[in-house]
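The values are calculated or read from the model by the stated rules, or taken from the named source; none is laboratory data. Computed from a predicted structure; not experimentally measured. Every residue, glycine among them, receives a Cβ derived from its backbone with ideal geometry; neighbour counts consider all protein chains shown. Just the protein is used for accessible areas: all its heavy atoms, side chains included, with ligands, DNA and RNA removed. Shrake-Rupley method; radii C 1.70, N 1.55, O 1.52, S 1.80 Å.
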Amino acid sequence: MSMRLRTFSAGLLAALMTVVALPARAEGQLRIAEQFGIVYLLLNVAQDQKLIEKHGKAQGIDIRVQNVQLSGGPAINEALLSGSIDIAGAGVGPLLTLWDRTKGRQNVRGIASLGNFPYYLTSSNPAVRTIDDFSDQDRIALPAVGVSVQARLLQLASAKRWGDAQFNRLDKLQVALPHPEATAALIKGGTEINAHFGNPPFQEQGLAGNPKVHVVLNSYEVLGGPASATVLYTTEKFRQENPKTYKAFIAALVEAADFISRHPEQAADIYQRQEGSKAPRELLLKVIRNPEVQFKVAPQNTFALAEFMHRVGAIKNKPASVKDYFFDDPHNASGS
């Protein structure tokens, strides 16, 4: 049996925990938290096609899956540490924050990537063409101020432009807002929100829905190439105490990635069905077929952000490589 719960606000987290918090239980129950966007398509396909349950049966267990939807890495991280969820889906920035915070205790580490996607910082202000052009009158919507992967990418871009001492120069312009609401605000206009650091398909919807909206920054430009911005992670305890569930989950992700590459049209339909998305099917297919998008489970090009976050003091522990903050699993062997 699969169950899906949704909330658009981190402020509802306490109520959410009351709903999903479960006592200690035997292996075979899995609670997954994700956010918004087609970057979570591997999870959408796995849920729609019952792939976790399928691979659980191959391991000799019945897995009951719960899917929870939140907005912002802090809400996701709090849910994981509270024991309200088992697997977190969020940006590399929130993963690194929690890896650093729990090192030597819960030992949170990455399970897998959800693929490589370019993230766009867009603006409807015609005067803003680069990050140099932002002024105190601009407001940039993103999932969590200062700590989401979008915020960390903007900080990295700022450090490259103005030096590490000014890495958070644009934090004061940020506003925490879930991607669907930020996109609607950018398209409609008339609010303080005139920029959005988003993800697919919301960034594409913004570009298509308002002729004034244009790309200011591409995450691939900041990181020097394709990169895994959104990942899945859990505690060392969960991985050790649930080996069959953990193995089934990874196998489901691998199968989901293969499914998307072979059946992009079906994958687009699954996203619309699972997310209740009103995004045009052709727009979703354009995202899925974008040659810059890769559905894969091995993390790629995450270490540059890890190095930066340590350099500016955002994390105390210095990772030597991606193997420090991702579990030593075969599918992560080629990670970077």
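Structural remarks
- Coordinate range along principal axes, alpha carbons of the range 283-336, Å, largest first: 41, 28, 12
- Computed log₁₀ I(q)/I(0) - Debye formula, equal Cα scatterers, no solvent, the range 183-336, q 0.08, 0.09, 0.14 Å⁻¹: -0.31, -0.40, -0.93
- Interatomic Cα distance distribution for the range 49-117, bins of 5 angstrom, percent: 3, 14, 21, 22, 17, 15, 7, 0
- In nm, spacing of pseudo-spin labels at ASP133 and GLU241 (7 Å Cα→C-beta vector): 5.3
- LYS316-ARG262 FRET efficiency (beta carbon distance; Förster radius 35 Å; 0.05 resolution): 0.20
- Between amide H atoms placed 1.01 Å from N, distances below 5 Å from PHE326 occur with GLY110, all of them 5 or more places distant or on a separate chain.
- Counting all C-alpha pairs of the chain, share separated by more than 30 Å (%): 30
- The alpha carbons of the range 37-163 stretch over 59, 36, 21 Å along the principal axes, in descending order.
- Taking every C-alpha pair closer than 8 Å and separated by at least 6 residues, the mean separation divided by the residue count of the range 181-336 gives a relative contact order of 21 percent.
- Structural descriptor for the range 37-191: relative contact order 21 percent, calculated from alpha carbon pairs under 8 angstrom and at least 6 residues apart.
- Here LYS188 is the anchor, and the lysines within straight C-alpha reach of less than 17 Å, apart from those fewer than 8 places off in the same chain, are LYS212, LYS278.
- The portion of the accessible surface of the chain made up by carbon and sulfur, rounded to a whole percent, is 52 (1.4 Å probe; DNA, RNA and ligands excluded).
- FRET efficiency, LYS188 to ASN218 (Cβ-Cβ, R0 30 Å, nearest 0.05): 0.80
- Taking amide H as placed 1.01 Å from N in the peptide plane, the amide H of GLN29 sits under 5 Å from that of ARG64, each at least 5 places away or on another chain.
- Nearby lysines by direct alpha-carbon distance to LYS323 (threshold 27 angstrom, same-chain neighbours under 8 apart not counted): LYS103, LYS160, LYS237, LYS244, LYS247, LYS296
- Computed over the chain: relative contact order in percent, which uses C-alpha pairs under 8 Å that are six or more apart: 25
- Close amide-amide hydrogen proximity is noted between VAL175 and ILE140, ALA141, LEU142, each under 5 Å apart and 5 or more residues distant or on a separate chain (H modeled in the peptide plane; Pro and chain starts excluded).
- Gyration tensor (Cα) of the range 119-192, equivalent ellipsoid semi-axes in angstrom: 20, 14, 10
- Averaging the Cα positions of each part gives two centres, and for the range 84-142 and the range 242-314 these lie 15 Å apart.
- Solvent-accessible surface of the range 260-336, averaged per residue with a 1.4 angstrom probe and all protein chains in place: 52 square angstrom.
- Averaged per residue, the range 47-109 has 33 square angstrom of accessible surface, using a 1.4 angstrom probe with ligands and nucleic acids left out.
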